[in-house]
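K.L.:
Right, I'll just put the structure down here and ask away after.
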Amino acid sequence: MTESELLGDVPDGLLIAGEWVAASGGGTLAVHDPSTGAVIKQIADATPDDAKAAMDAAADAFAGWAATPARERAELLRRAFDLLQQRKEDFALLMTLEMGKPLAEARGEVAYGGEFLRWFSEEATHIAGRYGPNPEGTGRMIVTQHPVGPCYLITPWNFPLAMATRKIAPALAAGCTVVVKPAALTPLTTLYFAKLLHDAGLPAGVVNVLTTSASGPVSEVIIDDPRLRKLSFTGSTSVGQTLLRQAAQGVLRTSMELGGNAPFVVFDDADLDKAVDGAIAAKFRNIGQACTAANRFIVESSVAEEFAHRVTERVAAFKTGRGTEEGVTIGPLIDDRAVAKASELVTDAVERGATVRTGGHAIDRPGTFYAATVLSDVQAGSAILREEIFGPVLAIVTFDTEDEAVRIANDTEYGLVSYVYTQDLARGQRMIERLETGMMGLNVGVVSNAAAPFGGWKLSGLGREGGAEGIHEYLQTKYTLTPNP
Ligand code: NAD
């Protein structure tokens, strides 16, 4: 499909009880292409009344979906996986248009996001209980698993497909119904995916989609509804904290995938070629706009100059442009705020003594571009070491001992992912034990996998998405005692 055919094929309404409907207030919101600033589509802008209707639909559909045999739920997800493979080019292009990532990376996200459909289609049929005598021998204990109920899923803009499938697939596999609220900056992929789910045979009301510029008021209606049983959120830690406070009222089950400040530690015994490859992947994938992006490169002094030199050579050769152009590796940032944030962090680091090896400035052209940047000699106390950069800026600090590397790596309120490069097995094992992190790449720069438990420690969140753990976020346990037969 051409860009305009594709955009025309994306629904522009809210999905409520299986119908695509206009917002009750008649309002629309504009979706932009961040590489040009142009409006690419107008879609419905949901109101709190629409939120109530979506919640009603999810609550009404729950009993039927929960009672649907696991095999049928699994087959629905598998059909969705197959359809996504057929439409992968359309989904990739749509993400590039609304979010800006290079097309090759968007194709990678379709592959990664699709795996959650396949993984959870398989997990659905493995939901199991247990039965056995209690230790006293006075009765039989039965433990069963049940879907938690209607769920509210809030996703961010940076991975429009994968963040949706990572929540929707386990919810549906477990027998839950959902209301999904994608980010207002990139809602089209979720709308298109919901259409795909219906093409795959999803019953009405099982998935409902609200697109809105009024996230707070719309979300409050749903979170305050006593029929809601679960809130799953991916986004910033500050919004996650607000949502946790709101969720306390209904004692909701919550999953929180929040911010990160990933350390990328390079020891002097690392294979430097591999460390440089890993660094480029861990930093510049998604134009640096990933919660798993390496934020602080912590490099042993004796190899720091060589590492800085090699990454700078690679980064200076990047091609910046619209993600649809051949060979582009750096697309636009999502909006002006993101460019301003990168600029502020770089300015602060330079004022405190960092050296700009390449980049270090916004790019003067339509759209919201910031040059791929390498900073060396970043000094302790620089804001860039504390805050999530969410942009294409690679910041290098140095260390001299393993203890110092561990101290710097753990010196953050976050704990989502850490990367370590060393060829010393014992040192690698010590780092696994000492780093405060929910995930770790040991001589690897990208760790995400649908079969793995994704999630963080400390302010990076609660719960896990993917893996065997992922489906349990949407199940609740019941224990029954019966007399001996
Ligand atoms: P954000 O917190 O601004 O927004 C995330 C979502 O929450 C969006 O859908 C937004 O519309 C919605 N939202 C905002 N305020 C809300 C409110 N008061 N009530 C209900 N919903 C509200 O984050 P973002 O800028 O979209 O995404 C970037 C952040 O997400 C980064 O911090 C990044 O680390 C994090 N992230 C984390 C993971 C992870 O798995 N840990 C993955 C991707 C992104």
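K.L.:
When the residues of the range 241-278 are narrowed to those that are buried (at least 22 other Cβ atoms within 10 Å of the Cβ), over 21 Å from His146 (Cα atoms) and small (Gly, Ala, Ser), which ends up farthest from the ligand (Cβ to nearest atom)?
P.N.:
Selected residue: Ala270.
K.L.:
Quick one: Gly441 ticks every box in (1) crowded, with 19+ Cβ neighbours inside 10 Å; (2) part of a loop (DSSP other than H, G, I, E, B); (3) within 16 Å of the ligand (Cβ to nearest atom) bar one, so which box is it?
P.N.:
In the conditions (1) crowded, with 19+ Cβ neighbours inside 10 Å; (2) part of a loop (DSSP other than H, G, I, E, B); (3) within 16 Å of the ligand (Cβ to nearest atom), Gly441 misses (2) alone.
Here is a yes/no grid of residues against (1) surrounded by 24 or more Cβ atoms within 10 Å (Cβ to Cβ); (2) under 21 Å from the mean Cα position of the chain (by Cα); (3) free of Cβ contacts under 8 Å to residues at least 40 places away in the same chain:
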| residue | (1), (2), (3) |
| --- | --- |
| Tyr112 | no, yes, no |
| Phe120 | yes, yes, no |
| Ile127 | no, no, no |
| Pro133 | no, no, no |
| Thr138 | no, no, no |
| Thr144 | no, no, no |
| Ile154 | yes, yes, no |
| Trp157 | no, yes, no |
| Ala162 | yes, yes, no |
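K.L.:
Please determine whether any residue of the range 307-322 is under 25 Å from Pro160 (Cα atoms) and within 16 Å of the ligand (Cβ to nearest atom). Walk me through it before giving the result.
P.N.:
From the range 307-322, those under 25 Å from Pro160 (Cα atoms) are 318-322; that's our starting set.
Subsequent filtering for residues that are within 16 Å of the ligand (Cβ to nearest atom) retains none.
No, that holds for no residue.
K.L.:
Right, here's the next one. Out of curiosity, is Thr292 in the same structural domain as Val417 (by the TED database), over 30 Å from Glu473 (Cα atoms) and either touching a Lys or Arg at 6+ places or on another chain (Cβ under 6 Å) or within 16 Å of the ligand (Cβ to nearest atom) (or both)? Explain how you work it out, then say what you get.
P.N.:
Working: in the same structural domain as Val417 (by the TED database): yes; over 30 Å from Glu473 (Cα atoms): no; either touching a Lys or Arg at 6+ places or on another chain (Cβ under 6 Å) or within 16 Å of the ligand (Cβ to nearest atom) (or both): yes.
For Thr292, the condition - in the same structural domain as Val417 (by the TED database), over 30 Å from Glu473 (Cα atoms) and either touching a Lys or Arg at 6+ places or on another chain (Cβ under 6 Å) or within 16 Å of the ligand (Cβ to nearest atom) (or both) - is not met.
K.L.:
Among the residues of the range 272-314, write down those that are under 18 Å from Ser418 (Cβ atoms) and not hydrophobic (A, V, I, L, M, F, W, C).
P.N.:
Scanning the range 272-314 gives Lys274, Asp277, Gly278, Lys283, Arg285, Gly288, Thr292, Asn295, Arg296, Glu300.
K.L.:
Right, next: Give Ala184, Ala200 a once-over and let me know the one that is surrounded by fewer than 23 Cβ atoms within 10 Å (Cβ to Cβ) and over 21 Å from the mean Cα position of the chain (by Cα). Step through it out loud before you land on a result.
P.N.:
Details: Ala184 fails: over 21 Å from the mean Cα position of the chain (by Cα).
Step by step, each of Ala184, Ala200 is checked, and only Ala200 is surrounded by fewer than 23 Cβ atoms within 10 Å (Cβ to Cβ) and over 21 Å from the mean Cα position of the chain (by Cα).
K.L.:
State whether the residues of the range 17-38 include one that is farther than 19 Å from Asn208 by Cα, part of a helix (DSSP H, G or I), modelled with pLDDT of 95 or more and within 26 Å of the chain's Cα centre (by Cα).
P.N.:
Step one: of the range 17-38, the residues farther than 19 Å from Asn208 by Cα are 30-38.
The next check asks that each one be part of a helix (DSSP H, G or I); those that pass are none.
Checked against the condition, which is being farther than 19 Å from Asn208 by Cα, part of a helix (DSSP H, G or I), modelled with pLDDT of 95 or more and within 26 Å of the chain's Cα centre (by Cα), the range 17-38 yields no hits at all.
K.L.:
Looking at Ala61, is it part of a helix (DSSP H, G or I), assigned by the TED database to the domain that holds Gly205, in contact (Cβ under 8 Å) with a residue 12 or more places away in the chain and out of contact with any Asp or Glu (no Cβ under 8 Å at 6 or more places or on another chain)? I'd like the intermediate steps shown before the answer.
P.N.:
Values: part of a helix (DSSP H, G or I): yes; assigned by the TED database to the domain that holds Gly205: yes; in contact (Cβ under 8 Å) with a residue 12 or more places away in the chain: yes; out of contact with any Asp or Glu (no Cβ under 8 Å at 6 or more places or on another chain): yes.
Yes; evaluated as a whole, the condition is true for this residue.
K.L.:
Ok, one more. So if I check each of Pro392, Pro453, which one is touching a helix residue (DSSP H, G or I) at 6+ places or on another chain (Cβ under 6 Å), closer than 30 Å to Ile471 by Cβ and either among the hydrophobic types (A, V, I, L, M, F, W, C) or within 16 Å of the ligand (Cβ to nearest atom) (or both)? Walk me through it before giving the result.
P.N.:
Working: Pro392 fails: closer than 30 Å to Ile471 by Cβ.
Just one listed residue meets the conditions, Pro453.
K.L.:
Further question on the same structure: Condition (residue is farther than 20 Å from Asp56 by Cα and either within 13 Å of the ligand (Cβ to nearest atom) or surrounded by fewer than 21 Cβ atoms within 10 Å (Cβ to Cβ) (or both)) applied to the range 213-230: is it met by at least one residue?
P.N.:
At the first step, the residues of the range 213-230 found to be farther than 20 Å from Asp56 by Cα are 213.
Subsequent filtering for residues that are either within 13 Å of the ligand (Cβ to nearest atom) or surrounded by fewer than 21 Cβ atoms within 10 Å (Cβ to Cβ) (or both) retains 213.
Yes: one or more hits.
K.L.:
Would you call Gly149 free of Cβ contacts under 8 Å to residues at least 12 places away in the same chain, in contact with a strand residue (DSSP E or B) (Cβ under 9 Å, 6 or more places away or on another chain) and more than 16 Å from the ligand (Cβ to nearest atom)? Working first, answer last.
P.N.:
Numbers: free of Cβ contacts under 8 Å to residues at least 12 places away in the same chain: no; in contact with a strand residue (DSSP E or B) (Cβ under 9 Å, 6 or more places away or on another chain): yes; more than 16 Å from the ligand (Cβ to nearest atom): yes.
Criteria not met by Gly149.
K.L.:
Are any residues in the range 330-386 crowded, with 17+ Cβ neighbours inside 10 Å, among the aliphatic types (A, V, I, L, M) and assigned to a loop (DSSP other than H, G, I, E, B), and if so, which ones?
P.N.:
Once the filter is applied, which keeps residues that are crowded, with 17+ Cβ neighbours inside 10 Å, among the aliphatic types (A, V, I, L, M) and assigned to a loop (DSSP other than H, G, I, E, B), the range 330-386 yields Leu333, Ile334, Ala354, Ala371, Ala372, Val378.
The values are calculated or read from the model by the stated rules, or taken from the named source; none is laboratory data. Since the model is a prediction, treat every value here as computed from it, not as a measurement. So basically every Cβ, Gly included, is an ideal-geometry build from the backbone, and we count neighbours across all protein chains shown.
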